[in-house]
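Have a look at the structure below before the remarks.
All of the numbers you see were taken from the coordinates with simple rules; none came from a lab. Everything numeric here is computed off the predicted structure, so don't read it as measured data. Neighbour counts are summed over all protein chains in view; Cβ atoms, including those assigned to glycine, are modelled from backbone coordinates with ideal geometry.
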Amino acid sequence: MSNHRRTAPIYLQLARKIQDRIDSGDLPAGSRLPSEPELCAEFDVNRLTIRQAVAELERAASVEIRRGVGTFVRVPIARVSIAVDPRSQRFDLGSLTTAVPRGTAADAGDVADGGERITAVTPAPGTPADVGAAGHLRCDPAELSRLESVIVIGAEPWGVSSYWLKSSLLPEELSAPGRVDNVVRVLAQSAGIVLEYDWRAFSAIGADIGDADLLGVPAGTPLLVREGVSCTPDGEPVLFVRRRINGERARFVLNFRPDGEG
C-alpha cells in the first residue's frame, strides 16, 4: 500500500475499501450496502466516519443514497469515446451513428437504442446564442429555427443538443417534440443533401439549471461542449449545433495518424 493510502484520513481509507468490494464484484450493481451499524461494527469506527465514507462514494457516483431506504451500488456509467480522425472523417452522419453504443434498457422513456428526443422547436427568439448561430450560418436570426433535443443511452440522459437551421429547411419530422432516431440524418435525408463537417470546436462548461435538469445532474456539473457548422459539399452552411455532454460519460479523441502508421 502506498504511503498516501496509509496516511489518508480514516473515512477515505474506508471508502476505498468499499470501492474495492464494488470493483471486485463482492458488492454488485444494485446491491444494498450494509447498514451504518453493521459498517461501524465491521470497521470499528463511528457513524460520522461511515457517513463521510459513503458521501465520498456518492460523490464518485459509485453509490446512490435513497433516503429512508438505504445506500445502493450504482450501475456503472457508460463512458463513450468519440474518435475523430481529421484527415478522414469528413461526412456528418450524426454523432449517434457510430459514437453512441446501442442501449438495451427498456426504462428509457420514449427514447431507446441511442435515439434522440426533441424537446422543443421554436423560431430563434433572438438571444445572443441565436445571433451567434445566425452569424455562423450567414443569415438573419429571423430566418432560423432552433431545435432542442436530449440524447439517452440506456435509461440515462447522455447529452443535450441545440440545433439551428433555416426554417425553410426544417422537415416535418423535426417540426414538433417527439422521438427521432437521429436529427442530422433526418434533416439530410429530408432535404436531399449531403452534410459535411465545416468545423468543430471543443470546450467545457458547468451545467446551467436547464441542462442540469435535463441531464439529471447537479447544476455546475462539468459538461463537454462540442459545437460547429455542417455544410453542403460546396461549402454552404446548413446547420449549427451545440452539444453538451455529461463530462463523466464521454471523451473526445483526435487521431492524427491513420490506422497502420506507427
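Structure data summary
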quantity	calculated
Where labels lie 7 Å past Cα in the beta-carbon direction, separation of Ala155 and Val253 in nm	2.9 nm
Linear extension gain, Trp199 paired with Arg59, 0.36 nm per residue minus alpha-carbon span	46.9 nm
Loop GluC sites (Glu not before Pro), segment 156-262, which have at most 11 other Cβ atoms in a 10 Å radius of their Cβ (DSSP)	Glu261
Theoretical FRET efficiency, 1/(1+(r/R0)^6), r = Cβ-Cβ of Arg32 and Ser175, R0 41 Å, to 0.05	0.35
Contour excess over end-to-end distance, with Cα ends at Ala120 and Asn46 and 0.36 nm allotted per residue	21.6 nm
Estimated vicinal HN-Hα couplings, Hz - segment 209-215 in sequence order (Karplus 6.51, -1.76, 1.60; Gly, Pro = x)	4, x, 5, 4, 5, 5, 8
Amide N of segment 217-250 lying under 15 Å from the label point, which is placed 7 angstrom from the Cα of Ala129 along Cα→Cβ	220, 223-228, 240-246
Taking Cys231, Cys139 and counting other C-beta atoms within 10 Å, the order from fewest to most	Cys139, Cys231
